[in-house]
Structures are given as C-alpha cells and as structure tokens.
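Before any comments, here is the structure.
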Amino acid sequence: MSAGTDRTPKIRATNLHKRFGRKIVLDGLDLEVGVGESVVVIGGSGTGKSVLLKCILGLMEPEEGDIAIDGQPVIGLPSAERERINRKFGMLFQGGALFDSLKVWENVAFGLIQGGRKNRAEARDIAYAKLADVGLSADVGELWPAELSGGMQKRVSLARAIATTPEIIFFDEPTTGLDPIMADVINDLIVKCTRELGATALSITHDMASARKIADRIAMLYNGKIIWQGPTSEIDSSGNDFVDQFIHGRAEGPIQMQVRAP
Amino acid sequence: MNIFQPIGRAFLRFLETSGRLALFAILSVSHCVRPPIYPRLILRQMIEIGYYSLPVVGLTTLFSGMVLALQSYTGFARFSAESAVPNVVVLSMTRELGPVLAGLMVAGRIGAAMAAEIGTMRVTEQIDALTTLSTNPHKYLVAPRLIAGLTMLPLLVLVGDIIGVFGGYLISVYKLGFNPAIYIKNTWQYMEFIDVYSGLVKAAVFGFIVALMGCYNGYHSRGGAQGVGAATTNAVVSASILILISNYLITEMFFAK
C-alpha cells in the first residue's frame, strides 16, 4: 500500500483528550492518516488505542480536540449526518462483533441492506462474493456465527467490513486470539482487501508481526500521546527507547508495567 | 460521616437514572414514528411477545379465574351473596388481574429476554457494530420492541380475560353448582365497556414499560456476563414495580370519583 498524495488527510485527529474518572486515556493526541495510507497504532494494553478508534468512529466523544474526516469536522454532528459519514467506514472488531441473530451471509450483507443501497437478493449475491474474497466457501453463508471458529469469525467480520466498499477501514486488534498461521492469513487478507479497494486503513494492535505486515506507517501511543511515528521500515531504527522496548517485548526499559508486588 | 450524605447521593443517583431513562424513552419513541421502519423486526417481536407468551398468560389467568371463583364463593357465602361470583370474576379479571398478571408474566419472560439479548449485544460490541454500519441502534433494536410491546400486550390481555372468565365459569358450574346459562347471563349483564377498555389501556402501558425497561437495562449493561445478569434482574424488578405503580395511577384516572 502506498501513501496518498492528496494534501487533505483522510483522517485528522487534533489535540484529543479523553478521560474516565481520574484516569487520563488520551492526553492531547495528534494523528493524521493520508488518503490510501495504512497506519497502525501500536501500544500496550490499556493505553487508549481502542478509545482512539471509538472516538474517530463516533462511538465516544472526546472531551477536547477535533476529528476531521476528509477535512470535515465530525464531533457533535447530528445523528443523520454522522450516519452519512459512517457510510465511508468499515470496521473489523476485535471479537468479530457478528450479529448472532443473523446468518453469516446476512451479517455480511447487513450494511448493504440497511443502507438501502441494495435489495436482499442483490445484497446476498454481493455477500457471497465477499465471503469468497476472504476465502470462505458458499455453504458458510448459511451458517450462524456461533457455528464458526475464531478465525472464520474474523474472516466473516472482514467480509462485512469490506462489503460496502468503504473508503476507510478500521481494524481493532485483527489478529488477537488467533494462532500464528491464521493471524498471518488474516494479515494477508487485510493487505489484499485494502489494496483492492484502494481504502485508507487505520489499525490498532500490539502484535508487531501484524503491524509490520499491514502498515505503511506505524505510530506508537504511550501516556495518551503519539510518542513516535514513522515508516514501517524505520521502526527498528527509531532511536526511541519506548519503541525499542515495545517492539522487542522487553520487561526492562522506560515503560513500566503497573504490576502489584506479591 | 454525615448520615445525610448517602441519602443525598442515592437521591441524586435516582434523579440521574430517571433523567437518563426519560431521554432514552423520548429518543426511542421518536424513532418509532420516523422512517425507516423495520416491519420484519416488528413482526418478529410481535410473534415473540404475543404468540409465545400465550401459554404462560393463558395458564396464569385460567388458574387465577378459578381461584377467584372459589375464594369469592366461600367469602360471599358468609352473607348469602354467592350470586355475585360471576360479577366479581369478570370485573376482577378485566379490570385488574388480567392486565397486571399478564404484565408481570411478560416482564419475567420478555423483559428479561430483551435485557439479556441487548445486554449481550452491548458487551460483545454488536451495538457498536450497528452504529459503524450506519444503523441507529434505537431504531433497529429498541423501536420494534416498543411497538410490539405496546400492541401485543392488549391482545394478550384480551385473550387472558376470556380464559380467566372461563376458569371462573368452570369452577362455578362444575364444582359450585351454578347454572351455566345464569352464570353467563350475569357475566354479560354486569360487565361494562369501560371494564374491558381500562384493562386494555393498562395492558398497552404495561407492554410499553416492559419493553422499555428491558431495552434500557440491556442497552446500558456493562462488564461482561455479570453486567448482563444484573441488567436482566434490573429489567424485571424495575418493570414489575413500574407496572404496579402505573396500575394504581391508571385505575385512579379511570375510576376515581
């Protein structure tokens, strides 16, 4: 995936602040994602990666700061306008978040049918084509989400995320809970699907193998701020002690995990 | 510590919850009347509430009618007023027992199921997924349930009234030796339109309450399985209490002199 040349970033988050009670999660975070670019935000558990994603998706409101999609500010938009913006989005949730009351194909076709863009028959055909794109056979479409393995649920969730041909796709910990081989399969699918769609991608993960594979650019979130960002090829020579400790998974270093003494 | 502090804190929490519930209700009702409407989802909820609750409501009202006939007979026999049994059965069933028992049964069956389903959707991020797919959760999840609760409970109560009166008839005729024709004549003679009508209004309000509390508690559930369990309990308890309170208020509205 190559970085876009358009001057207006696809996503721009400026000076974001978010806290839960006394815990400050985002503390003046700035991040830009260019058109067609794939950015991966890395960081430890509980550092606010998911909160950042939820703020951009409109599932949470930051206390301070601005978020713009294609240059248009989106915080505080009326719900109808927000729904219009959300039509640009596709999202792969960490746990899949498939609707368990709907069959697999209905899950994939959901955005097409509810968005009123397709009737059920058309949406069904597209859903089966998207399932094939993520390497699932047609008979999977008639199953219920509870009948699928974790890896298959991730694939179905990916098929749902790309079914509406979104301009921006968000990936929340796409490989968490998967074995290394299935994780690599999902990474390959993410790269393939975003490349085919020409979509902008923003992912969050703490799986470095995944980040290296799907990112054009990596940004590290620590203490509510982006403390380093740069091309994926430069992550090993970042010169940042925090990044070095994180990517090598060392317990010793400037990042101190809050572990209670026995 | 000042003893008024916890009382004040609890009162403020009550006000906060009431306000949040009122806003949730207004928002959800506004989505009931604004397109797009989801007929398939409304129909599915109507079947779930109306059809699948029939056995529970039917059995409850049948035995309530039977007990009512038996109790009122033994009570009225003390002052030779046994002939009032048909009137007592029909008035009690249509005005009070039919709607209240059906409301409480549906609160236990449907309110709990709604809270558990929506609560599970909340903690597994399915509600967030709806939002990212440009679908308003209030419109997709809450509005169909409110519409189905509001419309199905009066129908359930109508059927329950008939079954309850039939239960009273069975006991009165086959156990207490009433003349069947006279029992039916007395039942019709003393029943007025407002008896049934007020019961159906109550049923509609109770249906709305059950659906609202189920959806509200499920929608705001937090913290995994424990949170969903708490939401389910809260949905049933709060709906039951609100049913009993609103029952008094509606009775006051219809029958207070």
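Rounded to the nearest whole Å³, what is the per residue volume of the convex hull around the Cα atoms of chain A? Please report the intermediate quantities before stating the final value.
On the way: hull volume 38.8 nm³, N = 262.
Normalising the Cα hull of chain A by residue number yields 148 Å³.
Along the charge dipole of the protein assembly as shown, Cβ charges K/R +1 and D/E -1, which of A:Ile85, A:Asn15, B:Ala84 sits furthest on the positive end?
Final value for the positive-end residue is B:Ala84.
Label A:Asp184 and A:Ser233 with points 7 Å out from Cα along Cα→Cβ: what is the distance between them in nm?
It works out to 2.3 nm between the two label points.
222 nm [θ] for chain A, helices only, -39500 (n - 2.57) per DSSP H run of 4+, per residue, to 500?
-10500 deg cm²/dmol
Give the calculated FRET efficiency between B:Val33 and B:Phe76 to the nearest 0.05, with a Förster radius of 41 Å applied to their Cβ-Cβ distance.
The calculated FRET efficiency here is 0.25.
Take the alpha-carbon centre of the stretch B:67-99, take the same for the stretch B:208-232, and report the distance between them in whole Å.
The stretch B:67-99 and the stretch B:208-232 have Cα centres spaced 38 Å from each other.
Would you mind getting me the FRET efficiency between B:Ser246 and A:Leu197? Use the beta-carbon distance for r and R0 = 60 Å, nearest 0.05.
After rounding, the FRET efficiency stands at 0.70.
Rank the residues A:Cys193, A:Cys55 as a footprinting-exposure proxy: fewest other Cβ atoms within 10 Å of their Cβ go first. Can you show the working numbers first?
Numbers: A:Cys193 21, A:Cys55 24.
Ordered by Cβ neighbours within 10 Å, fewest first: A:Cys193, A:Cys55.
Sum up the charges of everything whose Cβ sits under 14 Å from the Cβ of B:Tyr169, counting Lys and Arg as +1 and Asp and Glu as -1, but leave B:Tyr169 out.
That works out to +1.
With contacts defined as alpha carbon pairs under 8 Å and 6 or more residues apart, what's the relative contact order of chain B in percent?
That works out to 31 percent.
Write out the trypsin sites (Lys or Arg not before Pro) in the stretch B:181-249 meeting two conditions: DSSP loop, and at most 15 other Cβ atoms within 10 Å of their Cβ. Mind showing how you got there, number by number?
Working: sites: B:Lys185, B:Lys202, B:Arg222; in loops: B:Arg222.
Hits after loop and neighbour filter: B:Arg222.
How would B:Thr74, A:Thr205 line up from fewest to most surrounding beta-carbon atoms within 10 angstrom?
Neighbour counts put them in this order, fewest first: B:Thr74, A:Thr205.
If packing is taken as the mean number of other Cβ atoms within 10 Å per residue, what is the order of A:143-151, B:85-93, highest first?
B:85-93, A:143-151
Between the DSSP loop rule and a limit of at most 12 other Cβ atoms within 10 Å, which trypsin sites (Lys or Arg not before Pro) in the stretch A:1-101 are left?
A:Arg7, A:Arg22
Rounded, prolate or oblate, given the Cα gyration tensor of the protein assembly as shown, with a/c below 1.5 counting as rounded? It would help to have the intermediate numbers written out before the result.
Values: a/c = 2.95, a/b = 2.24, b/c = 1.31.
Verdict is prolate for the protein assembly as shown.
Pull out a ≥ b ≥ c, the square roots of the eigenvalues of the alpha-carbon gyration tensor of the stretch A:117-182, then state rounded if a/c is under 1.5, prolate if not and a/b is larger than b/c, and oblate in the remaining case.
Here the stretch A:117-182 falls in the oblate category.
If you wrap a convex hull around the Cα atoms of the stretch B:122-203, how much volume per residue is inside, in Å³?
120
What is the list of residues in the stretch A:11-33 whose amide nitrogen lies under 19 Å from a point 7 angstrom out from the Cα of A:Glu63, following Cα to Cβ?
Of the residues in the stretch A:11-33, A:14-30 have backbone N under 19 Å from the label point off A:Glu63.
Please give me the summed charge of the neighbours of B:Ala230: other residues whose Cβ is under 13 Å from its Cβ, Lys and Arg +1, Asp and Glu -1.
Value of the local net charge: +2.
How big is D for the stretch B:28-122, in µm² s⁻¹ as a whole number, if Stokes-Einstein is applied with the Kirkwood radius of its Cα pairs at 20 °C and 1.002 mPa s?
For these conditions, the coefficient is 133 µm²/s.
7 Å from Cα along Cα→Cβ at both B:Ile7 and B:Val67: what's the point-to-point distance in nm?
Spacing of the two 7 Å Cα→Cβ label points: 3.7 nm.
I need the calculated FRET efficiency for the pair A:Arg22 and B:Glu96, taking r as the beta carbon distance and R₀ as 35 Å, to the nearest 0.05. Intermediate values should be presented prior to the final figure.
Numbers: r = 51 Å, r/R0 = 1.46.
The formula returns an efficiency of 0.10 here.
Return the whole-Å distance between the Cα centroid of the stretch B:6-52 and the Cα centroid of the stretch A:138-202.
Between the Cα centre of the stretch B:6-52 and that of the stretch A:138-202, the gap is 34 Å.
How far, in degrees from 0 to 90, does helix A:104-114 lean away from the longest principal axis of the Cα atoms of chain A, to the nearest 10?
It works out to around 90 degrees.
Go ahead and set up a Gaussian network model of chain A, Cα springs under 10 Å, then flag whichever of A:Val140, A:Val35, A:Val108 fluctuates most.
Its mean-square fluctuation being the largest, the pick is A:Val140.
Using a Gaussian network for chain A with springs between C-alpha atoms less than 10 Å apart, which of these wobbles most: A:Gly115, A:Gly96, A:Gly21?
In this elastic network of chain A, the residue with the biggest mean-square fluctuation among A:Gly115, A:Gly96, A:Gly21 is A:Gly21.
Can you show me the helix-derived [θ] at 222 nm for chain B, built from DSSP H runs with n ≥ 4 at -39,500 (n - 2.57) apiece and divided by the number of residues, rounded to the nearest 500. Walk me through the numbers before you get to the answer.
On the way: 11 runs with 197 residues, N = 257.
That comes out to -26000 deg cm²/dmol.
Are there GluC sites (Glu not before Pro) in the stretch A:1-74 that DSSP puts in a loop and that have at most 16 other Cβ atoms within 10 Å, and which ones? Let's see the in-between values first.
Details: sites: A:Glu32, A:Glu37, A:Glu63, A:Glu64; in loops: A:Glu37, A:Glu63.
When the GluC sites (Glu not before Pro) of the stretch A:1-74 are filtered for loop state and at most 16 Cβ neighbours within 10 Å, A:Glu63 remain.
Considering only the other residues whose Cβ falls under 11 Å of the Cβ of A:Gln153, what net charge follows from Lys and Arg at +1 and Asp and Glu at -1?
That works out to +1.
Can you tell me what the convex hull of the Cα atoms of chain B projects to on average, as an area in nm²? Walk me through the intermediate numbers first.
Details: hull surface 72.8 nm².
Reported value for the Cα convex hull: 18.2 nm².
Given Cα pairs under 8 Å that are at least 6 residues apart, what percent is the relative contact order of the stretch A:68-160?
36
Pairs to check: A:Lys10/A:Lys154; A:Lys23/A:Lys49; A:Lys18/A:Lys154; A:Lys54/A:Lys103; A:Lys18/A:Lys88; A:Lys88/A:Lys118. Give those whose C-alpha atoms are more than 19 Å from each other in this structure. Please list the in-between numbers first.
Working: A:Lys10/A:Lys154 25 Å; A:Lys23/A:Lys49 14 Å; A:Lys18/A:Lys154 29 Å; A:Lys54/A:Lys103 26 Å; A:Lys18/A:Lys88 24 Å; A:Lys88/A:Lys118 16 Å.
Long pairs (Cα-Cα over 19 Å): A:Lys10/A:Lys154; A:Lys18/A:Lys154; A:Lys54/A:Lys103; A:Lys18/A:Lys88.
Just checking the output field for B:120-131: average partner chain Cβ neighbours within 10 Å of each residue's Cβ? All intermediate terms of the calculation are to be shown ahead of the outcome.
Details: counts 1, 4, 0, 1, 7, 11, 9, 2, 9, 15, 5, 10.
Across the residues of B:120-131, the mean count of other-chain Cβ atoms within 10 Å is 6.
According to a simple spin-label model (label point 7 Å from Cα along Cα-to-Cβ), what is the distance in nm between B:Leu54 and B:Ala230?
Simple spin-label model gives 3.9 nm for this pair.
With no solvent and one equal point scatterer per Cα, compute the Debye intensity ratio I(q)/I(0) for the stretch A:34-118 at 0.13, 0.19, 0.23 Å⁻¹ and report its log10, rounded to two decimals.
-0.56, -1.12, -1.34
Any read-out appearing in this document is the output of simple, stated calculations on the displayed coordinates, not a laboratory observation. This one's a predicted model, so the numbers in the text were calculated from it and none came from an experiment. Every residue, glycine as well, gets a Cβ built from its backbone with ideal geometry; the counts of neighbours run over all protein chains shown.
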